[in-house]
Amino acid sequence: MLVAQRSNGQTISLLDGWTRQKLKRLKEEETFVCPGCQKEVILKLGTKKLPHFAHKRETKCPFEHETESSYHASGKRDLFTWLQKQAPDVQLEPYFLTIQQRPDLYVNIQGRPYVFEYQCSVISEAQFQKRNNGYKKTGMQPIWILGAHQLQRLSAFHFKLSRFQWLFTQYVSSISPQPLLFYYCPQTEKLIRLVHLVPFSTYHAFSVPIIQKIDHVRIHDFFTYPQISLPSSFWRTWLMQKTKWRQTFTFYPSTLTRAVCADFYLHHPPSLFPCEAGWPLQFGYLFESPPFIWQTYILLFINSSNRTYSLAEIYNWIKKKIAERKLFVRALPLAQAYPYTRAIYEYIQRLEQLGYVRWMTKKSIQRIQNWTFPATIEEALANDRSLLEQIKRTSLSYNDWREF
């Protein structure tokens, strides 16, 4: 904690320009209490961490969600200093009695209240939801920033994102239907924004990182989606990942993998799934399951060229697979504007654009070209490359996403 109350009830912030000498004298003369639980806290003045207040070991504060590290305290200090330059009346660690919560930062911007939470440790989804809902209940818009030490960067645009990190994806603008992630590193003093989140699988995603020194960030950057295109290397990276799916999916059997393979084997070996499946989509983030799995399920359902398929039928088919726990929808508490059916609809649009289906009505389609079921891995890879070139030529490329 960086804020506490003196014995006379006045609030004291350790970011108000105190010298170490003055803090030592203050510690000898004063007692302090937590603004939330009103129990005594100790002013810590060690050499390894920033000066801070801490509850006594035997004291359990109901408003202290996790132990605050030096990394967390440093990042909160940086964000507070930065936000002071962006907007007036910034409050550090204010305590809101009505919801019994204490965010890291509070600020009012053009008449709208916001709270900034800098999350550096893993908490339960239930705890996250409770805190988030508490803020919204009082009309405050929460902005969550993750500690950058949690971000695993595997290559320039390839990241490993846990289910916990996906919880923090948030919409920042009604102009873009895609969410993004915020990270901050107090060691480099840099804010990271992950945009164009394209999941490869449950834990792997492609994204464009925008990295800026915190001093160069403006408050509106938290409320606008950057107009930036995916790099030209994206398609090559995606094709490499699709190749990896084909070569390794069945090598790591699990209860889920075996259940999915059982469905696929009825039609074709899982590694030789149709070349028309496993492609990135603007709304692909709505599914936690890899795109080659949920898209293959759609192709296996549309198995006849002699009948018309309604969107409702296709949606119900995928809903059934979700109920069977063979497909999973991603939990996105801060980005709930679209149902997972939006990803299915977009995929059907792509199939229509590529000439595989045609719209019979606004809510029904018919298959007019067979899916490509390769006989060998070599044939599959060749067909994937060929289809990739066709996809790149269509108007559904990523550079045109903002047109949807």
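The values are calculated or read from the model by the stated rules, or taken from the named source; none is laboratory data. Predicted, not measured: the structure shown is a model, and the values here were computed from it. Backbone-built Cβ (ideal geometry, glycine too); neighbour counts: all protein chains shown. Heads up: the accessible areas ignore ligands, DNA and RNA and are worked out on the full protein's heavy atoms, side chains in. Shrake-Rupley method; radii C 1.70, N 1.55, O 1.52, S 1.80 Å.
Roughly speaking, what is the stretch gain from Asn8 to Gln336, that is 0.36 nm per residue apart minus the C-alpha to C-alpha distance, in nm to one decimal?
Answer, rounded to one decimal: 113.6 nm.
May I ask you to compute the full-extension gain from Ser386 to Leu97, defined as 0.36 nm times their residue separation minus their alpha-carbon distance, rounded to one decimal in nm?
Between Ser386 and Leu97, full extension yields an extra 97.9 nm.
Have a look at Leu161, Val208, Tyr225 and report the one farthest towards the positive end of the charge dipole of region 159-225, computed about the Cα centre with Cβ charges (Lys/Arg +1, Asp/Glu -1).
Leu161
Do the sum for the chain: with -39,500 (n - 2.57) for every DSSP H run of n ≥ 4, divided by all residues, what is the mean residue ellipticity at 222 nm, to the nearest 500 deg cm²/dmol? Don't skip to the end; give the middle numbers.
On the way: 10 runs with 124 residues, N = 404.
Calculated from helices alone, the mean residue ellipticity at 222 nm is -9500 deg cm²/dmol.
If you work out Rg/Rh (Cα atoms, Kirkwood Rh) from the coordinates, which of (1) 1.01; (2) 0.96; (3) 1.06 do you get?
Recomputing Rg/Rh (Cα atoms, Kirkwood Rh) here picks out (3).
Please compute the length gained on full extension between Ala156 and Ile228, using 0.36 nm multiplied by the number of residues separating them and subtracting their Cα-Cα distance.
24.4 nm
Would you mind giving the average projected area, over all directions, of the Cα convex hull of region 86-164 in nm² with one decimal?
For region 86-164, the mean projected area of the Cα convex hull comes to 6.7 nm².
Return the ratio Rg/(2.2 N^0.38 Å) for region 198-243, where Rg is computed over Cα atoms only. Before the final figure, lay out each step's value.
Values: Rg = 14.1 Å, N = 46, 2.2 N^0.38 = 9.4 Å.
For region 198-243, the normalised Cα radius of gyration is 1.49.
Which order do the peptides 234-245, 198-209 take when ranked by the mean count of other beta-carbon atoms within 10 Å per residue, highest first?
198-209, 234-245
Where the centre of each part is set by its Cα atoms, how far does region 84-133 sit from region 24-60, in angstrom?
Here the answer is 21 Å between Cα centres.
Calculate what fraction, in whole %, of the accessible area of region 229-355 sits on carbon and sulfur atoms when a 1.4 Å probe is rolled over the protein chains.
54
Where Rh denotes the Kirkwood radius from the mean inverse Cα pair distance, what is Rg over Rh for region 300-376?
Here Rg/Rh amounts to 1.01.
Provide, for q = 0.20, 0.23, 0.24 Å⁻¹, the log10 of I(q)/I(0) from a solvent-free Debye sum over equal Cα point scatterers in region 169-252.
Taking Cα atoms of region 169-252 as identical point scatterers yields -0.97, -1.13, -1.18.
Label-point separation (nm) for His268 and His220, each offset 7 Å from Cα along Cα-to-Cβ?
4.9
GNM, the chain, Cα, under 10 Å: largest mean-square fluctuation among Leu197, Leu354, Leu92?
Answer for the Gaussian network model of the chain: Leu354.
Under a plain spin-label model, where a point goes 7 Å from the Cα along Cα-to-Cβ, how far apart in nm are Leu45 and Ala323?
6.6
Work out how far the C-alpha atoms of region 215-303 reach from end to end along every principal axis, then list the three figures in whole Å, largest first.
Rounded to whole Å, the extents work out to 56, 27, 23 Å.
Which value, in Å², gives the accessible area per residue of the chain when a 1.4 Å probe is used on the protein heavy atoms?
Ligands and nucleic acids excluded, the figure is 47 Å² per residue.
Provide the FRET efficiency to the nearest 0.05 for the Met240-Gln349 pair, computing r from the beta carbons and using R0 = 30 Å.
According to the calculation, E is roughly 0.75.
Throw me the Rg/Rh for region 1-114, computed over C-alpha atoms with Kirkwood Rh, two decimals.
Expressed as Rg/Rh, it is 0.95.
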